[in-house]
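Just below is one structure, and these are the notes that go with it.
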Amino acid sequence: MSQIPLDKINKVFLINLKAEDLAKQHFSYYTGYIQKGKGTPPGYRIMKDAIIEIPGIFSKYAIGIRSYKIDDFFKQKTFYLAYWKEKNHKRYAVKDPKTPFNSIIDTFEAIYSVQKYYLPCFEVYVNYKRYIELLANVWTAYLYDTVKDMIIKINQDKLRNIERVDLDINECIPLYETVMFYHNGENFTVKEFLLGDFLAQYAIIIEQYHNIADKNNVTRFFTK
């Protein structure tokens, strides 16, 4: 993603990330897997989460953002979920044995490179008109109008008895990154919207970091 629409994301997702937060000092970014004792059935995880490591008093926590497959059979209310828990034998983070990413954006790109193959890519007909479903959550299906070259949003209840036909995912991947839909006063591609949701979860981690840092005078744990 050549340009990060941070102002637009902050506005729509009601967060307040700054450019420096995207590659925060003392944060190390990886992909990997966050293990949790109980929760979402593993079949809905794409097994590529964001892992964040922070030294000092933060090293006792498993920190990151879990990511999910997105389809109409498991409609997550959020496409990602922030995670910040003390480590134990059931809760821990396993990072990929690779060079750390430079920023949370690079980490998202690595996750998206896998997740895009688990996004909706279905042909549907609504009132005899052809659409391609590109995104879904528990309330809404995001359908690409192949005539108007735009995405419309339809309530899931209206699609309850409509057949979905799988398409070749390679037909949909370019659409995730080019066609737009209107959401809360701004236009987004599917990829930008997923990035916004991802950064909204990252903002939760940033807030938790500052809360703990402020309580523990954490600057004394770091040396330049």
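Worth pointing out:
- Which numbered condition N102 misses (of (1) open to solvent by 20 Å² or more (accessible area, probe 1.4 Å); (2) out of contact with any Ser or Thr (no Cβ under 8 Å at 6 or more places or on another chain); (3) of a type outside the set (S, T, Y); (4) farther than 23 Å from K48 by Cα): (4)
- One residue stands out among those in the range 119-144 that are surrounded by fewer than 15 Cβ atoms within 10 Å (Cβ to Cβ) and charged (D, E, K, R): the one that is farthest from L194 (Cα to Cα), which is K129.
- In the set K153, K116, only one residue is of a type outside the set (F, W, Y), surrounded by 16 or more Cβ atoms within 10 Å (Cβ to Cβ) and within 21 Å of the chain's Cα centre (by Cα); that residue is K116.
- When V126, V114 are screened for being more than 16 Å from I70 (Cα to Cα), among the β-branched types (V, I, T) and at pLDDT 90 or above, only V126 passes.
- Among residues of the range 156-210, those that are under 20 Å from F108 (Cβ atoms), among the polar types (S, T, N, Q) and open to solvent by 40 Å² or more (accessible area, probe 1.4 Å), counted: 3
- Checking K148, K116, K98 one by one, the residue that is among the charged types (D, E, K, R), touching a helix residue (DSSP H, G or I) at 6+ places or on another chain (Cβ under 7 Å) and outside any strand (DSSP E or B) is K116 and no other.
The values are calculated or read from the model by the stated rules, or taken from the named source; none is laboratory data. Just so you know, these numbers come straight off a predicted model, no measurement behind them. Here Cβ is always computed from backbone atoms with ideal geometry, including for glycine, and neighbour counts include all displayed protein chains. These area figures cover heavy atoms from the full protein model, side chains too; ligands, DNA and RNA do not enter into them. Shrake-Rupley method; radii C 1.70, N 1.55, O 1.52, S 1.80 Å.
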